[in-house]
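Working notes for the structure below.
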Amino acid sequence: MLLYDNPVSSNALKVRFLLAELGLAYDRREVPIPRPRPGSYVAVNPFAGVPTLDDDGFVLTESNAILRYLALREKREDLYPADPRGHARVDELLDRFALTVRPSFFKHEAAALGFKFGVGFGAVPNDPEKAAQVAEQIAPHIELLETVLSDGPYALGAFTIADCAIAPVLFRTTKSGLDLSAYPKISRLREAQLARPAFVAAGPVT
């Protein structure tokens with residue numbers, strides 16, 4: 001199994017987190033963050049996003065699709081339930097987070113950590129003033145996340161692939177300085193996710 005990734009990619013980190021949880025061995029091939037990306041990688045993934053998984057010739061892109069595939073491949077119904085309602089709850093949270101909440105967190109990361117599209121983090125000066133403004137603007141979406149989380153310790157109560165998707169974003173708040181103290185469920189979730197040995201083994205960087 002081969003994972004095309006980059007250490008600073010939150011999307012790649014979510015896949016490494018799950019791979020560590022599953023105890024699966026894999027090789028890594030680093031893809032540079034700056035765009036345009038190498039033609040050799042575009043030949044593997046025409047959209048050139050990170051990560052891409054190559055499982056013995058089966059090539060899969062999009063990090064959440066990879067999470068679903070790996071859990072199904074390993075028949076881990078604890079991580080991705082087989083029953084329709086449990087399955088749907090995980091999918092619902094994955095979609096909600098990806099479509100609504102993740103973009104809001106990223107706006108703050110971009111200002112706080114100097115992100116420039118096509119180059120990456122640290123490409124432009126950090127802008128603490130803008131980051132503070134963004135934090136106020138995205139508060140409604142963070143509050144929505146707070147309302148849909150379980151009482152803990154994980155996003156849906158028990159640990160699932162939804163936690164693998166959310167953890168890298170919450171980890172990055174420890175670097176961006178986004179204050180989550182007003183959100184006890186999110187704060188508790190972050191603590192539980194980041195304390196898992198598999199998350200540490202996944203090599204979080206930023």
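The values are calculated or read from the model by the stated rules, or taken from the named source; none is laboratory data. It should be emphasised that the depicted structure is a prediction, and the values quoted were computed from it without experimental measurement. Neighbour counts run over all protein chains shown; Cβ positions are idealised from the backbone, glycine included. Quick note on the areas: whole protein, heavy atoms, side chains included, nothing else; ligands and nucleic acids left out. Shrake-Rupley method; radii C 1.70, N 1.55, O 1.52, S 1.80 Å.
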Residues of segment 171-198 satisfying the condition of being buried (at least 20 other Cβ atoms within 10 Å of the Cβ) and under 22 Å from D91 (Cβ atoms): I186, L189, Q193
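Would you check if there is a residue in segment 37-59 being touching a Gly at 6+ places or on another chain (Cβ under 7 Å) and in a loop (DSSP other than H, G, I, E, B)? Walk me through it before giving the result.
Restricting attention to segment 37-59, the residues satisfying the condition of being touching a Gly at 6+ places or on another chain (Cβ under 7 Å) are none.
There is no residue in segment 37-59 that is touching a Gly at 6+ places or on another chain (Cβ under 7 Å) and in a loop (DSSP other than H, G, I, E, B).
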Per-region count, segment 38-60, residues open to solvent by 40 Å² or more (accessible area, probe 1.4 Å), of a type outside the set (D, E, K, R) and touching a residue at least 40 places away in the same chain (Cβ under 8 Å): 1
Test for R28: is it out of contact with any Lys or Arg (no Cβ under 6 Å at 6 or more places or on another chain), open to solvent by 60 Å² or more (accessible area, probe 1.4 Å), among the charged types (D, E, K, R) and modelled with pLDDT under 95: no
Yes/no for A165 being surrounded by fewer than 18 Cβ atoms within 10 Å (Cβ to Cβ) and either in a helix (DSSP H, G or I) or touching a Ser or Thr at 6+ places or on another chain (Cβ under 9 Å) (or both): no
All positions within segment 61-117 that are assigned to a helix (DSSP H, G or I), open to solvent by 60 Å² or more (accessible area, probe 1.4 Å), charged (D, E, K, R) and under 17 Å from A155 (Cα atoms): R85, R89, E92, D95, R96
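I'd like to check something: does segment 179-186 contain any residue that is touching a Leu at 6+ places or on another chain (Cβ under 7 Å), at pLDDT 95 or above, assigned to a helix (DSSP H, G or I) and not acidic (D, E)? Break it down stepwise before answering.
Going residue by residue through segment 179-186, those that are touching a Leu at 6+ places or on another chain (Cβ under 7 Å) are 185-186.
Remaining after also requiring at pLDDT 95 or above: 185-186.
Filter again for assigned to a helix (DSSP H, G or I), leaving 185-186.
Narrowing the set further to residues that are not acidic (D, E) leaves 185-186.
The answer is yes; a qualifying residue exists.
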Per-region count, segment 120-159, residues open to solvent by less than 10 Å² (accessible area, probe 1.4 Å), β-branched (V, I, T) and not in a helix (DSSP H, G or I): 0
R35, sole failed condition from (1) modelled with pLDDT under 95; (2) charged (D, E, K, R); (3) crowded, with 18+ Cβ neighbours inside 10 Å: (3)
